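Coordinate-derived values only; no laboratory data. Everything numeric here is computed off the predicted structure, so don't read it as measured data. Please note: Cβ atoms are built from the backbone with ideal geometry, for glycine as well, and neighbour counts cover all protein chains shown.
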Amino acid sequence: MSLVSHLECTRCGKQFAPGKVYNLCPCGSPLWVRYDLRQAAATLRLEELAPRPPNLWRYREVLPVAKDSSILCLGEGFTPLLRAHRLGKKLGLENLYLKDEAANPTGSFKARGLAVAVSMAYELGVRRLAIPSAGNAGGALAAYAAKAGLEAAIFMPEATPAANRVECLLFGAEVVLVPGSIKDCARVMRERLKDADWFDVSTLREPYRIEGKKTMAYEVVEQLGGRVPEAIIYPTGGGTGLIGMWKAFEEMEALGWIGKRRPRMFAVQAQGCAPIVRAFATGGEAAEEWLSPETLASGLRVPSAIGDFLMLRALRESRGVALAVSDHDMLTALRELAETEGVITSPEGGATLAALKKLVSDGLLAGHETIILFLTASGFKYLEVLEPLASHPEG
Ligand SMILES: *Cc1c(COP(=O)(O)O)cnc(C)c1O
Ligand SMILES: [Zn+2]
């Protein structure tokens, strides 16, 4: 049974009936899912979660799938929250944590969103799923489509890491390589699939991926024993994670898990592709497209995002900041995470530490605050980037 009360447009507020597949609102904006949180609160109690399964479906009441038999589970979510003692000490931070999303199926946190989106599509009778992907979303879609026996078509930039192409092909998906960025992939996908009955699972163009992604915030609060951290540092591309977590904090307050206080949200982008940073700095409510995006952090190579206004709103409401770091600093930080904490993360994960260092030196974060870095994927998906680092240890 699902506790979804309705879906709602994030811009115009128009409401939609639950239990259907949707893309955008007719006004062109993303939809999000609303629940009967009063009913959810009766059973979804923080202090009674321990016996539940160690994956994101432990928050079943605030996920949209109706029937248990529709759930496609590969063990996604409930990833470790690691206390970073040595790194924290170096930086003068007593309460620094790493949320290690490498532990997800397909090695990245994209599994969270796609687990929920593909389960919903499967439940609602969709047979063919298509996605433009900078890499990890494609792999995750392909894995859950394989589990469900559905068809998947993945449109990827030619420059996508080999691991992403290989995983999609092994999962039996159709892979189309497109010159350019994820934006070009989306255009080619829409041209190619115009007449066919393919369902578009692009970031925020369907409402259920964000529901999977929001569970990151539920986990952080649960793993901190009900405390809300002071700061969340998150590598931001399309923004589902940032927007989803911001929604989750609102839900957790309604569930009685937390009070009014929220973490400050920090969005990290690459200097070679930073549309949200630019819009944040100039006070814009939307972000202009970033021309010729360039970064080796493929997950951050997103020149324009349909959820830009939602990201900017969350950053401002939380009194956070959007900041950009260089590819060089990401890799230096990646190496430092490996050397001090024993974790091999992706360049996007490295970006969070590079950003943290800037925030600390600018005096924006203090020593006792609880700070979470989101390490969004495993470094092993980026061996072509990491190999040169390993052979030149002095960087
Ligand atoms: C997709 C991706 C991101 C960006 O995530 P969004 O929630 O879409 O902003 C960050 N890191 C990695 C490794 C990714 O694959
Ligand atoms: Zn609308």
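Here are the numbers for this structure:
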quantity: Charge dipole of the chain about the Cα centre (unit charges at C-beta), most positive-ward option of 9, 172, 320; calculated: 9
quantity: Relative contact order of region 227-375, pairs being alpha-carbon contacts under 8 Å that are 6 or more residues apart, as %; calculated: 30 percent
quantity: The chain - convex hull of the alpha-carbon atoms, volume per residue in Å³; calculated: 129 Å³
quantity: Zero-based 5 Å bins, Cα pair distances in region 42-153, whole percents; calculated: 2, 12, 18, 18, 17, 12, 9, 6, 3, 2, 0
quantity: Relative contact order of region 56-132, defined on C-alpha pairs under 8 angstrom at six or more residues apart (%); calculated: 34 percent
quantity: Prolate/oblate/rounded call for region 287-382, Cα gyration tensor, a/c under 1.5 rounded; calculated: oblate
quantity: Above-threshold pairs, the threshold being 20 Å between Cα atoms, out of 194/381; 247/381; 20/110; 67/147; 214/260; 213/357; calculated: 194/381; 247/381; 20/110; 213/357
quantity: Filtered trypsin sites (Lys or Arg not before Pro), region 232-304: DSSP coil and at most 11 other beta carbons within 10 Å; calculated: 260, 261
quantity: Residue-averaged 222 nm ellipticity for the chain, from DSSP H runs of 4+ at -39500 (n - 2.57), nearest 500; calculated: -11000 deg cm²/dmol
quantity: Relative contact order [Cα under 8 Å, 6+ residues apart], the chain, whole percent; calculated: 17 percent
quantity: Dipole of the chain [Lys/Arg +1, Asp/Glu -1 at C-beta], most positive-end residue of 154, 133, 121; calculated: 121
quantity: Inter-site label distance for residue 11 and residue 292 at 7 Å from Cα along Cβ, in nm; calculated: 3.0 nm
quantity: Backbone HN-Hα couplings from phi across region 323-334 [Karplus 6.51/-1.76/1.60, Hz, Gly and Pro as x]; calculated: 9, 10, 10, 7, 4, 4, 5, 4, 6, 4, 5, 4
quantity: Net dipole in debye of the chain [+1 Lys, Arg Cβ; -1 Asp, Glu Cβ; about Cα centre; nearest 20]; calculated: 800 debye
quantity: For the chain, share of DSSP beta bridges that run antiparallel, in % to the nearest 5; calculated: 30 percent
quantity: Computed label-point distance, nm, for sites residue 39 and residue 89 using a 7 Å Cα→Cβ extension; calculated: 5.2 nm
quantity: Cβ crowding within 10 Å averaged over residues, with 117-124, 333-340 ranked highest first; calculated: 117-124, 333-340
quantity: Set of aspartates and glutamates near residue 183 by C-alpha distance (under 18 Å), chain-local residues within fewer than 8 positions excluded; calculated: 158, 191, 200, 206, 288, 289, 294, 308
quantity: Region 90-137 - convex hull of the alpha-carbon atoms, volume per residue in Å³; calculated: 112 Å³
quantity: For residue 290, residues with placed amide H under 5 Å, excluding near neighbours; calculated: 304
quantity: Antiparallel bridges, percent of DSSP beta bridges restricted to region 9-168 (to nearest 5); calculated: 45 percent
